[in-house]
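The values are calculated or read from the model by the stated rules, or taken from the named source; none is laboratory data. These numbers were taken from a predicted model, which means no experiment stands behind them. Positions of Cβ are generated from backbone atoms using ideal geometry, with glycine treated the same way; all protein chains shown enter the neighbour counts.
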Amino acid sequence: MPFVHLHNHTHYSLLDGLIKIPALAKKAKEYGMPAVAITDHGSMYGVIEFYKKCRAEGIKPILGCEIYLAVRSRFNKEAHIDAKRFHLTLLAENLTGYQNLIKIVTKANLEGYYYKPRADKELLREYHEGLICLSGCLGGELSRALLKEPERGEAIVREYQDIFGTDNYFIEIMHHPKIERQVELTDNLIALAKRLMVPLVATQDTHYLNRDDAIAHHTLLSIQTGADLTDLKGITNTEEDFSFISGEEMTKYFAHIPEAIENTGKIADRCNVELELGQWSFPNFPLPTDSNYDQELKKLAEAGLENYLKENPDRAEVARARLAYEFDVISKKGYSPYFLVVADLIQHAHETGIFTNTRGSAAGSLVSYLIGITNVDPLFYELPFERFLNADRPSPPDIDMDFADKRRDEIIAYTRHKYGENQVAQIGTFGSMLARGAVRDVARALGYPYQLGDQISKLIPLGSQGFPMTINRAMEMVTELKELYDKDADVKKVVDLAKKIEGCARHISVHAAGVVIAPSDITDYTPIQLDPKGGKTITQYEMHAVEDAGLLKYDFLGIRNLSILEEAIRLIKKIHDVEINLNRIPLDDARTFEILARGETIGLFQLNGAGMTRWLKELKPSTIFDINAMVALYRPGPMEMIPEYIKRKHNPTLVSYLDPRLKPILKHSFGVITYQDDVMLIAIHLAGYSWTEADKLRKAMGKKIPKEMEAQKEKLLVGFVKNGLSEKKAKELWSLIEPFAAYGFNKAHAASYGRVAYQTAYLKANYPSEYMTAVLSAEAGDTEKISEVITECRRMNLAVLPPDVNESFGDFTVIKNEAGLPAGQAGDKIRFGLYTIKNLGEEIGKAIVEERKQNGPYADYADFLTRVRHKNLNKKSLEALAKVGAFDSLRIERHEVLGNIDEALAYNRQELGSNANQTSLFGLLPEAAAPAKLNLKPTEPLDQKTKLAWEKELLGLYVSGHPLEPYRDRFAKPENTIKHHRQQKDNFPAVTGGVIDSVREIITKNNKQMAFIKLFDFNDQIEGVAFAEVYEKYRDLLKPDKTVAVRGKISHRNGEPSIIIEAVKEL
């Protein structure tokens, strides 16, 4: 009977296993093995991928896990005792075993996590059915006992036999003679097994595929531990072989105990888990009695249609036909429950005032629009339903829901409440070792100087969305990298090792949007755990695997701009008593298009940034279709069509069509191909494609694989000619289509995002102070962004003022002009919120605002101290308020507050005690005694520089002034600004200036000091790098708060620009 590997660690044994799953399945097949197992540490991350790849290679997948076992109970988490744990190998014999393995792994993570996810014997007894247990590696309970307390061996074996059954427990032996005492242990295990008549099984504890991968595996371990390779020998065994060796080698190693080899085959024969992948299960949506999902969806859609036709009677015929067609597809595909669940979530959001939007092709569905899922009318925008769903499409619908980011968690909480706490989880996702990071990590692990890893990684270009850069691809693209690799042995060593760890999973985290909702307990479908950083419940299966396992992904994405819209609408209602319904604002508002034509785009959704702003100024958009087109075209590839779009918009005589059949498709974009949908419709109407074929064309273009693209080109050209185009026109049309490869934008997505973009522009144009206040509140914490927005506010004649105890609320606040001018006119001010003050704390901020709301503004500082009674009114909070000028309006100087903190707190305590006594003893008297006088001792005034430094420290930026104010005229020239330099390429000669925010010194390998300097001007910041020689020369100038000019060259690291400093001069 051939040997089968039953103990293997893939790269999903995070930063420990090196094996990629496709390579494992291929290697097992190459060795002629009928089956192979996956047993990653404490998790089942790779199980679904493993199952599919093994099936594709024609070998049996054995699903398992090397679990961690608590030394006591999984609930014990006592330092120095419970940090120890045992290893145990579990294999699923059947579907019940697979489901029980999911339960064990889940509870180990949710209940037993202490350094590692730990199960215990209570769990094993509860979920033992269908599982085969191997005693484990050197870290197993049995192995450790035989090395330390051999007399316990029999009792341990009998306990596991009692848990799993005598036929389901095997003593695991390995051939790792270079590990201390391993030979002795193996002999003892064999002797014990023979004495107790327990079957033996031979495993390899594989961690990498080939022997020459050992150094790459050690590098991976060094990344995990933070040690370099020379230190690693003291942590783990680096001499032994843990590669995926052949059955012949294993048979040779265990020639003296052949049954250990035979038993691998016997176990493999017993393990038969059949998973039904791709059979989707929908959540249990509650239905009225005597109804079904189709009936409920139809009822909702028809009610929506009735309302729609009241406002759009001219579309009655087309709307009814479209609804009937869409509903027929949805119901036949069995997707009605999916639509009902999404509609329920969106309806709850609307009922609770949470702003929503939908992304992607779902906006092409009239059903979605009528039942309130989407906000974009597909008939008005001429959006095709088939791009979203068609009768031949095998994949399920995918409706991407956007929610105001501050309230996204409320929607997830509602989902848990409605559909079951144990039936909802967010989806896990894996961060992987990318090309640049892999190079840096390997160089560090090998002990090379920082500069070597930095030099190589900088030669690797950044990837693009959907197309991550690989080392091999970079070698083909960048001649300098290939030359360096060929000439420099150190570079070759680093790059070769980096290739081996590239693509390995590095960590698991929570997916930005994905949520799954199960009809029963989530662990009937996927193991779950807690997100290592945020503590949220997440699936161990990533989004593709979890869909294979039977659960549809629901996208709940938090969008900041929806929070901005929500807050702006709230402020408008509060200040002007005007209810704004963003679904009913005019789409031809003159002010809105005027600010876009002027390029006033800061703070807008999708329309900001230097490049987009430049095109908008040239375009001068005048319809929502212009905005949608810009959202779609402003990306690599399609961007080259923007000048043509602009020309044709301003000169209609230039609008032409290669063929009259293109006019209905391209009429809103002046004959310019703008969207993915345009390409698909062209293929359908001019090349005779079906929607299914057009979808394949779209996917092929998206993958950007030259061979596939060439095949699609040939097919499309044949179709064009066959359907009436000349060869010349067919090729010309292809040349217009080709730029859309990989980057073409979905028309429905553009319409959805264009709508939100227009709404942000509308509010900025018509309610500028309210909108910009909302933007500032949303961006709080991002000082660079806040600085940019404040500059824009000042350009708009909106003063932004420091916090004030009499005017500030928690977030940024609008202070309306005293003249009562209408919205949109000058004179309004914006106040920083109290929550933005570092060291203040939210509770004391709330207390200050609540007291002011109840009893009016504070008359003076003494009045403030008398009235604010909160445990967090202390030295720290008073200092923070004083340093940012929050007491300035109370006619007290900042230095007076800071020099009398103890006196103020004593006064506050005295007044607190006095008021308490009056309440308890003299509460019936007609009036209380007057408060005591606050006596302040004289203090020295502060200079402006100190005040500004405190604002920077506690608010993150300067508000009442700027240290560069004396030099503002120099920074008025764009070429002198940091912003200008941030946009330049490597080696661009840089001359700029600013204030030094921070200096981080490091020691070089030559034991010299160099420094990383953060430099900022009025609007931007950049990192400066001063190597040892330069730092030594200019050390006295390179200090925090110094205002300097620097000269050097631009350099990029991980896509971020920096200046390699050559000279420094004080301003």
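General observations
Quick grid of which residues meet (1) at pLDDT 95 or above; (2) closer than 19 Å to residue 406 by Cβ; (3) in the same structural domain as residue 316 (by TED's automatic domain parsing); (4) not in a helix (DSSP H, G or I):
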position	(1), (2), (3), (4)
340	yes, no, yes, no
345	yes, yes, yes, no
353	no, yes, yes, yes
369	yes, no, yes, no
375	no, no, yes, yes
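- Exclusive hit being in contact (Cβ under 8 Å) with a residue 40 or more places away in the chain, in contact with a strand residue (DSSP E or B) (Cβ under 8 Å, 6 or more places away or on another chain), surrounded by 15 or more Cβ atoms within 10 Å (Cβ to Cβ) and closer than 30 Å to residue 48 by Cα, set 346, 330, 267: 267
- Test: residue in region 431-439 that is charged (D, E, K, R) and out of contact with any Leu (no Cβ under 9 Å at 6 or more places or on another chain): no
- The set of residues from region 380-407 being more than 30 Å from residue 317 (Cα to Cα), in contact with a strand residue (DSSP E or B) (Cβ under 6 Å, 6 or more places away or on another chain) and buried (at least 22 other Cβ atoms within 10 Å of the Cβ) comprises 402, 403.
- Flag if residue 381 is outside the structural domain of residue 313 (by TED's automatic domain parsing) and either among the acidic types (Asp, Glu) or not in a helix (DSSP H, G or I) (or both): no
- Comparison of 883, 933 shows that the only residue that is modelled with pLDDT of 85 or more and of a type in the set (Lys, Arg) is 883.
- Filter pass, residue 942 being at pLDDT below 85 and either within 21 Å of residue 802 (Cα to Cα) or of a type outside the set (Gly, Ala, Ser) (or both): no
- Some residue of region 852-872 being at pLDDT below 90, in a loop (DSSP other than H, G, I, E, B) and either within 21 Å of residue 599 (Cβ to Cβ) or of a type in the set (Gly, Ala, Ser) (or both): no
- Selection from region 469-516 of residues that are over 28 Å from residue 21 (Cβ atoms), among the β-branched types (Val, Ile, Thr) and assigned to a helix (DSSP H, G or I): 479, 491
- The set of residues in region 1031-1059 that are small (Gly, Ala, Ser) and in contact (Cβ under 8 Å) with a residue 60 or more places away in the chain comprises 1051, 1055.
- Strands (runs of 3 or more DSSP E) lying entirely in region 975-1058 (those with 2 or more residues that are touching an Asp or Glu at 6+ places or on another chain (Cβ under 6 Å)): 1009-1016, 1043-1053
- Which listed residue, of 37, 25, 92, 83, is within 33 Å of the chain's Cα centre (by Cα) and within 23 Å of residue 157 (Cβ to Cβ): 37
- Flag for residue 538 being in a helix (DSSP H, G or I) and modelled with pLDDT of 95 or more: no
- Of the residues in region 88-103, at least one is surrounded by fewer than 22 Cβ atoms within 10 Å (Cβ to Cβ), in a loop (DSSP other than H, G, I, E, B) and out of contact with any strand residue (DSSP E or B) (no Cβ under 8 Å at 6 or more places or on another chain).
- Exactly one residue out of 501, 538 is under 20 Å from the mean Cα position of the chain (by Cα) and crowded, with 24+ Cβ neighbours inside 10 Å, and it is 538.
- One residue stands out among those in region 504-529 that are under 16 Å from the mean Cα position of the chain (by Cα) and aliphatic (A, V, I, L, M): the one that is farthest from residue 460 (Cα to Cα), which is 515.
- Residues being crowded, with 16+ Cβ neighbours inside 10 Å, in contact (Cβ under 8 Å) with a residue 40 or more places away in the chain and either assigned by TED's automatic domain parsing to the domain that holds residue 361 or outside any loop (DSSP other than H, G, I, E, B) (or both) - total across region 669-693: 10
- In region 429-449, the qualifying residues are those that are on the phi < 0 side of the Ramachandran plot and in a loop (DSSP other than H, G, I, E, B), and the one that is surrounded by the most Cβ atoms within 10 Å (Cβ to Cβ) is 433.
- Within region 155-180, the set of residues being within 25 Å of residue 93 (Cβ to Cβ) and of a type in the set (D, E, K, R) comprises 158, 159, 162, 167, 172.
- Matching residues, region 18-44, being assigned to a loop (DSSP other than H, G, I, E, B) and under 21 Å from residue 132 (Cβ atoms): 33, 34, 39, 40, 42, 43, 44
- Residue 147 vs. criteria at pLDDT below 95 and touching a helix residue (DSSP H, G or I) at 6+ places or on another chain (Cβ under 9 Å): yes
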